[in-house]
1. Determine whether ILE53 is assigned to a helix (DSSP H, G or I), β-branched (Val, Ile, Thr), exposed (fewer than 15 other Cβ atoms within 10 Å of the Cβ) and within 14 Å of the chain's Cα centre (by Cα).
2. Any residue in region 17-37 that's farther than 10 Å from SER51 by Cβ: show its pairings with residues that are aromatic (Phe, Trp, Tyr) at Cβ separation under 8 Å, as long as the two are six or more apart or on different chains.
3. Is region 7-27 home to any residue that is at pLDDT 90 or above and in a loop (DSSP other than H, G, I, E, B)?
4. Exactly one condition in (1) surrounded by fewer than 18 Cβ atoms within 10 Å (Cβ to Cβ); (2) modelled with pLDDT of 85 or more is not met by MET96; state its number.
5. Can you pull out every residue in region 57-100 that is more than 22 Å from ILE47 (Cβ to Cβ), within 17 Å of the chain's Cα centre (by Cα) and of a type in the set (Lys, Arg)?
6. Quick one: count up the residues across region 66-76 that are surrounded by fewer than 17 Cβ atoms within 10 Å (Cβ to Cβ), among the hydrophobic types (A, V, I, L, M, F, W, C) and touching a residue at least 40 places away in the same chain (Cβ under 8 Å).
7. Residues of region 35-57 being within 20 Å of LEU91 (Cβ to Cβ) and either of a type in the set (Lys, Arg) or touching a Phe, Trp or Tyr at 6+ places or on another chain (Cβ under 7 Å) (or both), which ones?
8. Take LEU33 and decide whether it is farther than 22 Å from MET96 by Cβ and aliphatic (A, V, I, L, M).
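The values are calculated or read from the model by the stated rules, or taken from the named source; none is laboratory data. Here the structure is a predicted model, which is why all the values come from computation and not from measurement. So basically every Cβ, Gly included, is an ideal-geometry build from the backbone, and we count neighbours across all protein chains shown.
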Amino acid sequence: MIIHANVLITIASYILAVVSAIIVGLILRIPILPKRPMRHSWTISLIFPTSIIALGLTAILFKLGYEGLLVAVVMGVVSAIFAKYFLERLLPKPQMEESN
C-alpha cells in the first residue's frame, strides 16, 4: 500500500491542530474533562468540544484549498479561544428541569 505525501501532511496537520488547541486551552485554563456525570454535563472542556472544533475548522479550510501545518496551528489556537470565550454565547446551556 502506497501512502502519498499529501496524506501524511494532512494527518500531521490534524494532529498538530488538536495539540495546539490543547496547549492553548491549558494556557487559557479550560478544564481537561467535563464535570461528572459526563453525559449530563454541558461544561466546555479540552476533549470536547475544543479538539473537535479544531478538527472541523481544519477540515473546512483544507476543503477550501488552504493546506499546511501553519493553517493547522492557527486553527488550533482559534478553536481554543472560540471555545473559551465565544461558544457559550453562541450556544447557551439548556435549561435544566428541577426534579422533586
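1. Judged against the criteria, ILE53 is not a match.
2. Qualifying pairs under 8 Å: PRO34/TRP42; PRO34/PHE48.
3. no
4. That leaves (2) as the condition not met.
5. none
6. Counting residues in region 66-76 that are surrounded by fewer than 17 Cβ atoms within 10 Å (Cβ to Cβ), among the hydrophobic types (A, V, I, L, M, F, W, C) and touching a residue at least 40 places away in the same chain (Cβ under 8 Å) gives 1.
7. LYS35, ARG39, ILE53, LEU55
8. When the stated conditions are applied, LEU33 does not pass them.
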